[in-house]
1. Which whole-number percentage describes the relative contact order of the chain, with Cα contacts under 8 Å and a sequence gap of 6 or more?
2. Could you tell me whether the range 206-363 comes out rounded, prolate or oblate from its Cα gyration tensor? Rule is a ≥ b ≥ c as square roots of the eigenvalues, rounded for a/c under 1.5, then prolate if a/b exceeds b/c, otherwise oblate.
3. How much length would be gained if the chain were fully extended between L172 and D65, taking 0.36 nm per residue of separation minus their Cα-Cα distance, in nm to one decimal?
4. What angle do you read, to the nearest 10 degrees and between 0 and 90, between the alpha-carbon axis of helix 193-210 and the longest principal axis of the chain?
5. Specify the inter-centroid distance of the range 38-75 and the range 132-167, based on alpha-carbon positions, in whole Å.
6. Using unit Cβ charges (K, R positive; D, E negative) and no other charged atoms, how large, in debye to the nearest 20, is the dipole of the chain about its Cα centre?
7. When the label point is put 7 Å from the Cα of I186 along its Cα-to-beta-carbon vector, which residues of the range 268-283 have a backbone N closer than 18 Å?
8. When you take every Cα atom in the chain, what is the radius of gyration, and what is Dmax, the widest Cα pair distance, in Å?
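The values are calculated or read from the model by the stated rules, or taken from the named source; none is laboratory data. Fair warning: this is a prediction, and the values are worked out from it, not measured in the lab. Virtual Cβ from ideal backbone geometry, glycine too; neighbours counted across all protein chains shown. SASA here: full protein model, heavy atoms, side chains in, ligands and nucleic acids out. Shrake-Rupley method; radii C 1.70, N 1.55, O 1.52, S 1.80 Å.
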Amino acid sequence: MRGFQFSKFLPNKLPKGGFDELLKLFTELLNYTAGDAGETLAWMNELDKQYKFTNNDYAMGDFIDDLKEKGYLKEKNGEVKITAKTEQTIRKSALEEIFGKLKKAGKGNHNSNISGIGEEKNADRREYNFGDSLDQIDMTASIQNAQINHGIGNFTLTEKDLEVEEKDYKTLTSTVLMIDISHSMILYGEDRITPAKKTAMALAELIKTKYPKDTLDIVVFGNDAWPITIKDLPYLQVGPYHTNTLAGLELATDLLRRRKTHNKQIFMITDGKPTCLKENGRYYKNSMGLDRKVIGKTLNMAAQCKRLNIPITTFMIAQDPYLQQFVRQFTQINGGRAFYSSLTGLGEYIFEDYIKNRRKTFR
């Protein structure tokens, strides 16, 4: 008779000791503690008691000393806090985690779909036309054409022999990433805010290092909406808020109006329906179902974004059918896109869509 043999579960992502291994765990835990270094180190001590990933040669005290010596921690008013170096390490770690998966899958490239006098060669070839610049001419191929067309004995190179390499334009894109920080982002036993802010940190690091001419603004929205900086991301927490999607869209649109780039887009990460408005300085809230007033004004804003040529891509991390119906209506009015994403796939979805949109010119 066939049965099952059970063994003790040993997590394979726990560090095996040493500074570099422990640093990976430290930066990962910082995502869950909203950048609280003291709480993170307390968690690491508890994990160390249970899984024993330090030893007599290199213990937690040694690791903390190294964090301070290498510039990852500082002491202020008797408290340990992370430094700018740690914040960048967290962003880089998130980028490697998310973008590394895309590179393995071979998804995406970073060019536009417009050919002509651009910045990067592609595989297209054509005959020379008046007005083409000299640096577009493939001289090796052109000489070969001349030899084929006129023979080797009496070398002649004519305009018809010239072969031009097409090049791709690289588009510039201005993106606003909207993150829902309403209370539902931590309800129902599911942490939705950590994957959202980890994705934001990774996207910020990607743009900063790979596409420095692109711009990224980050907006959080609860009862109200306000911009945050990349530096604020590790410390982002959910508040006791409702969901004022309208305020988030208004702020995002205002930020994009100031950008001089042609390509503009909004990415919105949310897990619920709009439930809140602010009218004449007072909050109007209704969490029961889809409120006619709240939904109507939010859909009107989606239409306004369409008129401004600002597509909205919604990443919905909830599976309720009536919420998905709202997202479908919202997307149809705006002419944007919607993804019903799991938390584990959120980063890959956003990265692939961002890279794909860099090939487009929104009209």
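1. Relative contact order for the chain comes out at 16 percent.
2. rounded
3. Numbers: separation 107, 0.36 × 107 = 38.52 nm, distance 4.34 nm.
Contour length minus the Cα-Cα distance gives 34.2 nm.
4. 30
5. 65
6. 1160
7. Counting only backbone N, you get 270-272.
8. 26.3, 88
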